[in-house]
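Down below is the structure, laid out as structure tokens.
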Amino acid sequence: MSTAAASPPNRRRGRQTPAPPTRAEALAQHIADEIVAGRLKPGAALEEIPLAAAHGVSRTPVREALRRLESSGLVETRPRRGAVVARPEPRRLREIFAVMAELEALCAATAARAMPPAARRDLEALHGRMGAMVRAGELGAYRDANVAFHQALYAGAQNGYLAELAQDARRRVAPFRAAQLETGDRLRRSHEEHGAIVTAILRGDAEDAARVMREHLALTEAAWGRMMQLVLGSGGSETPIS
């Protein structure tokens, strides 16, 4: 038997050609993107029948997609309510924010040392475009750009494993980070905080980049906390929002 005949048909030079995503995988990715972008808010119901109808699939891939999202922490299942966008307890959220702040601080510090010049220019240009979004009050566009901003920092650190960890932590709190931009003048302040991060990275100041990133995440968490107090009421009840 020849070597070519013995090789699996979907391999080329030792590399496996990735299979296309299943319906469940594609749907899970779409719902995750909607959550990360803030278009599906914490506590929002994810009903199987409307999701199946909207995406032209049966309920089976919808169930599988929701199971995948539940295992990632983006979705949770509640008695008599079914699947909803996750809204973890405040203590759990604080724990995740604390870890994420350190991961993103490390990304910012490493990016200050390792980000290529072209990527630094791209980051500065993105920040400039985000300023125009703030002035125009374009919240949806800013949310999307905000995701791109932080992803640029992960990539700029030039460390794939660190980027994976930061991305995973971000996915778990993405709905809450997106929602807090709606509070008060948080949009403007977020952009100002990004400016301090960009300045430190362009200057190559790793220590300052880490410091201002930690401050940015602390203020993001605080804004979410104030938002939740308004939503849940001064009594501090953690009853799910219906």
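Put +1 on the Cβ of each Lys and Arg and -1 on the Cβ of each Asp and Glu in region 90-232; which of Ala109, Ala119, His216 then has its Cα farthest toward the positive end of the dipole?
With unit charges placed on the Cβ atoms, the residue in question is His216.
Please give the contour-minus-distance gain from Arg188 to Ile49: 0.36 nm per residue of separation, less the Cα-Cα distance, rounded to one decimal in nm. Working shown, then result.
Working: separation 139, 0.36 × 139 = 50.04 nm, distance 3.90 nm.
Full-extension gain reported as 46.1 nm.
Roughly how many nanometres apart are two label points built 7 Å out from the Cα toward the Cβ at Arg67 and Val99?
The two pseudo-label positions are separated by 2.4 nm.
Is any residue of region 87-105 close enough, with backbone N under 16 Å, to a label point placed 7 angstrom from the Cα of Ala218 along the Cα-Cβ axis, and if so, which?
94-95, 97-105
Taking a ≥ b ≥ c as the square roots of the eigenvalues of the Cα gyration tensor of region 120-178, is the shape rounded (a/c under 1.5), prolate (a/b larger than b/c) or oblate?
Values: a/c = 4.76, a/b = 1.38, b/c = 3.45.
Because a/c hits 1.5 or more and a/b fails to exceed b/c, region 120-178 counts as oblate.
If the chain between Gln29 and Arg59 were fully stretched, how many nm would it gain, using 0.36 nm times the residue separation less the Cα-Cα distance?
Values: separation 30, 0.36 × 30 = 10.80 nm, distance 1.63 nm.
So the extension gain works out to 9.2 nm.
Ranked from highest to lowest mean number of other Cβ atoms within 10 Å per residue, what is the order of the peptides 125-131, 72-78, 109-115? Can you show the working numbers first?
Details: 125-131: 15.6, 72-78: 17.3, 109-115: 21.1.
Sorting 125-131, 72-78, 109-115 by mean packing, highest first, produces 109-115, 72-78, 125-131.
Calculate, in nm to one decimal, what Arg80 and Arg92 gain on full extension: separation in residues at 0.36 nm each, minus their alpha carbon distance.
Working: separation 12, 0.36 × 12 = 4.32 nm, distance 2.32 nm.
So the extension gain works out to 2.0 nm.
Sort region 90-232 into rounded, prolate or oblate with this rule: let a ≥ b ≥ c be the square roots of the eigenvalues of the Cα gyration tensor; rounded if a/c is under 1.5, and if a/c is not under 1.5, prolate when a/b is larger than b/c, oblate otherwise.
On the way: a/c = 1.89, a/b = 1.27, b/c = 1.49.
Oblate shape, in that a/c is at least 1.5 and b/c is the bigger or equal ratio.
No value in this document is a laboratory result; all are computed from the given coordinates. The structure presented is a predicted model; accordingly, all values stated were derived computationally and were not measured. In this analysis, Cβ positions are derived from the backbone assuming ideal geometry, glycine residues included, and neighbour counts consider all displayed protein chains.
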